[in-house]
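Read through the structure below, which is laid out as structure tokens, and then see the notes.
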Amino acid sequence: MDAAVRQQQGISGLLYYAGRVLLIALPMLALTYAIFSDALTPTLPSLPLTFTILPFVIWTALRFGQREVTALNALVCIIAVWHTIAGRGPFASAPLGTSLLLLLAFLGTVVSTGLVLNTVVGERGRAFEALAQALKTLKEEAIRDPLTNLYNRRFLRDYLPRELLRAAREGIRVAVIMIDLDRFKRVNDTAGHAAGDFVLTEIATLLKRHIRGTDIACRYGGEEFALVLPNATPQSARSGGEAICSAIREAGGRLMGVTASLGVAIFPDHAAEPESLLRAADKALYEAKGRGRNQVRIFARATAKISPLRSKTAKRAHA
């Protein structure tokens, strides 16, 4: 069914394009024929009328590709040459040498105007496409972490408020999971930063495998990651966090013994604002660290007050 629809759309597009070409080509060729066949000679002087072909040439060069422009220019030139050789048209009344020069000038004007202008337009179009692609690449680089290719904190700060507004409008929950790698500093200290980078990229790959297409994975900073799970329940967020924690634990050999602590907070159950929600998830993560690491904790409002994001000193104390 999809193939039939695509084929029908392709045929419709081809017919539309052919109609556009004919809309210009038919008047252009009809005018050329009328001028060079002396059909207009009884009422209008034919020599000045040759200039009326140029707007059609320019319009064709601006609207169509090189193949169409070349074909139409060739047809115009063939009509002009054919009738001039037959002794008709605006150039036939002049002496042979002058007639040939005038014909050559006309052909050169038509060809150069059409092809050169079409080339310039094509180069300009390609330049705009290259610029658009470069801007797209720069935008993507600005919101991606270069090491893990996950989204970065800048993207999270822009994305999360919009997602919470949408969730409030639709009456759904959003889960935020903060993830911190346990004893990651030991990897850098004993095996080097290249090994640490390898662990981070492996963790990023693992996170991508364990989230849905609608979920967002970010590298929040250093060895800390953040997940945003739209339309999640506390149960699904916990089970997802447990699966990630277990997968990291099971890959301990490849990850040089690194495990992970996770904190979960739910919108709007635990917080209604983006920063408050991140602080709630961060507080739950801090609790997971304090309870022995390598586990998932859900933010509990009854036992903990949301405080500013933990300091780097506190974080290092539990790393």
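The values are calculated or read from the model by the stated rules, or taken from the named source; none is laboratory data. Note that the structure is a prediction, hence the values are computed from the model and not measured. As a convention, Cβ positions derive from the backbone with ideal geometry for all residues, glycine included, and neighbour counts pool all protein chains shown. Side chains included, ligands, DNA and RNA excluded: accessible areas come from the protein's heavy atoms. Shrake-Rupley method; radii C 1.70, N 1.55, O 1.52, S 1.80 Å.
Full extension of the chain segment joining residue 233 with residue 85 gains 44.8 nm, where the gain is 0.36 nm per residue of separation less the Cα-Cα distance.
Taken over the C-alpha atoms, region 219-302 has Rg and Dmax values of 12.7, 40 angstrom. Rg/Rh, computed from the Cα trace of region 16-141 with Rh as the Kirkwood radius, has the value 1.15. Lysine pair count for the chain with Cα-Cα distance under 19 Å and sequence separation of 8 or more or different chains is 10.
Based on alpha-carbon atoms, the Kirkwood radius and the radius of gyration of region 139-202 give Rg/Rh equal to 1.13. Take the Cα coordinates of the chain, assign each an equal point scatterer, and use the Debye formula without solvent to give log10 I(q)/I(0) at q = 0.08, 0.13, 0.14, 0.16 Å⁻¹. Reported log10 I(q)/I(0), two decimals: -0.60, -0.92, -1.02, -1.19.
Between residue 149 and residue 132, the simple spin-label model (points 7 angstrom out along Cα→Cβ) gives 2.4 nm.
Per residue, the chain reaches -21500 deg cm²/dmol at 222 nm when only DSSP H runs of four or more residues are counted, each adding -39500 (n - 2.57). With Cα atoms as the point set, the radius of gyration and Dmax of region 131-288 evaluate to 15.9, 49 Å.
Summing Cβ point charges (Lys, Arg +1; Asp, Glu -1) relative to the Cα centre of region 180-260 gives a dipole of roughly 160 debye. Packing-based ranking of 173-179, 123-129 yields 173-179, 123-129, ordered from highest to lowest mean Cβ neighbour count within 10 Å. A simple packing score, the average count of other Cβ atoms within 10 Å per residue, orders the peptides 80-87, 33-40 as 33-40, 80-87, with the highest score first.
Going from most exposed to least, what order do 58, 203 have by accessible area with a 1.4 Å probe?
Greatest to least solvent exposure: 58, 203.
Applying 0.36 nm per residue to the separation of residue 115 and residue 47 and subtracting their alpha-carbon distance, the gain on full extension is 22.2 nm. Start at zero, step by 5 Å, and the Cα-Cα distances of region 71-200 spread as 2, 8, 9, 9, 8, 7, 6, 6, 5, 4, 4, 5, 5, 5, 6, 5, 3, 2, 1, 0 percent across the bins. In this simple spin-label approximation, residue 70 and residue 189 carry label points 7 Å from Cα along the Cα→Cβ vector, and these lie 7.0 nm apart.
Taking Cα atoms only, the orientation of helix 193-209 departs from the longest principal axis of the chain by about 80 degrees.
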